[in-house]
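*Asks:* A single structure is presented below for examination.
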Amino acid sequence: MKIKTLFLLLMFAATCASAAARVAPPTIVVEGVQMPAWVEHASGARDALRIGATLTNKDRVITGPGARALLRLSDGSLIKLGENGLLALDDLGQKKFQLKDVVTASLDVLSGAFRFTTQALSKFRGERDVKVRIVTITVGIRGTDLWGKADSTRDIACLVEGKVDVTRGEQAFTMDKPMSFYVAAKGQPGDPVAPVSKEQLDKWSLETDIAAGGGALRKGGKWRVYLAEASDQAAALKVYDELRNAGYAAEIRPVKAEDAVSYRVRISNLMTREEATALGEKLKGKMGVTEPKVSK
């Protein structure tokens, strides 16, 4: 009887855990990185942005020159951040409301180009309560494709598909025409919503898309580039720390050969040999990297 009771309790606990996982999965996960890029936590601690990392409330994603970040919200929505970007995350969650899953997020674009898209999400049957703030422009999203940018002179919100509610100061209006955009110069009234050409959107998209051949990391990437090897752990850690501080998601692995142990510093999750080679060449001669070696 005791064994049967224990079995039932274990089954109940497993069922509850499974249900909880369905209701509140990880909110934002990193799926692609063109380095250098970092995540900064509420404590002020900063580390290199890495594939598979789960981001939480108050985290800030930071990208350096030429960098990109590709993130996925729990409903499958994709979030892209361009170079020299700063994205603050808050109100991340997934909850039940009237028997529906409701995904929530507040995405604060403080600088850089940004894109939020739900285009390919036919499997999601819940609702979204996502707010995007591009410095002075606040956009409420239910399901759409939005590109935006914040720089020193103006804030831009471009509706690619769908419908969004926009507020800026005392202004409040709805954008419901695909391929239209709204520009607000700093300290000036916003311009009227206007059509955007495909050519312009293609140019803007390049600011947030990860380009091939630049040594980017991707979810599912099987290739690695080995950047340094040392018999002394402290020497390997020095290279590892410099790379991580500079926004490169380095790892360190001990390797035993006969009676000796060496320490290898590497970066993983590259999709092809060409991507791994490109990253090695980019880092060669910097931060203790001498002769990078590529392998699966």
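Values in this text are rule-based calculations from the coordinates and carry no lab data. Bear in mind that the values here come from a model prediction, so they are computed numbers and not experimental data. Ideal geometry is used to build each Cβ from the backbone, glycine not excepted, and the neighbour counts take in all protein chains shown.
*Asks:* Determine, from the Cβ-Cβ distance of Lys222 and Lys256 and an R0 of 22 Å, the FRET efficiency 1/(1 + (r/R0)^6), rounded to the nearest 0.05.
*Replies:* 0.40
*Asks:* Along the principal axes of its C-alpha atoms, what lengths does the chain span, in descending order and rounded to whole Å?
*Replies:* If we take the Cα atoms of the chain, the spans are 71, 68, 33 Å.
*Asks:* Can you list the lysines whose alpha carbon sits under 22 Å from that of Lys95, skipping same-chain ones fewer than 8 residues off?
*Replies:* Cross-link targets: Lys58, Lys123, Lys131.
*Asks:* Excluding residues fewer than 8 places away in the same chain, name every one of the aspartates and glutamates whose C-alpha is closer than 16 Å to that of Lys238.
*Replies:* Partners found: Asp47, Glu229, Glu251.
*Asks:* Expected output is a single nm value to one decimal: the length gained when fully extending between His41 and Ala234, i.e. 0.36 nm times separation in residues minus the C-alpha distance. What is it?
*Replies:* 66.8 nm
*Asks:* With runs of 4+ DSSP H residues as the only contributors, calculate the mean residue ellipticity of the chain at 222 nm using -39,500 (n - 2.57) per run, divided by the residue total and rounded to the nearest 500.
*Replies:* -6000 deg cm²/dmol
*Asks:* While we're here: Would you kindly state how much longer the chain becomes between Asn57 and Lys286 on full extension, computed as 0.36 nm times their sequence separation minus their alpha carbon distance, in nm to one decimal?
*Replies:* Full-extension gain reported as 79.1 nm.
*Asks:* Using Cα positions and a limit of under 17 Å, work out the lysines in reach of Lys177, with same-chain residues fewer than 8 apart set aside.
*Replies:* Here the lysines satisfying the reach criterion relative to Lys177 are Lys163, Lys198.
*Asks:* Hey, can you rank 201-211, 70-80, 27-37 by average C-beta count inside 10 Å, highest first?
*Replies:* 27-37, 70-80, 201-211
*Asks:* Name the most mobile residue of Arg68, Arg50, Arg128, meaning the one with the largest mean-square fluctuation, in a Gaussian network model of the chain with Cα contacts below 10 Å.
*Replies:* Maximum among the listed residues: Arg128.
*Asks:* A follow-up question, please. Tell me which DSSP H helices of the chain clear both cut-offs, 27 Å or more of axial length from alpha-carbon atoms and a mean Kyte-Doolittle hydropathy of at least 0.5.
*Replies:* 2-23
*Asks:* Could you bin all the Cα-Cα distances of the range 187-296 into 5 Å bins starting at 0 and give me the percent of pairs in each, rounded to whole numbers?
*Replies:* Final binned percentages: 2, 11, 17, 17, 14, 9, 6, 5, 6, 5, 3, 2, 1, 1, 0.
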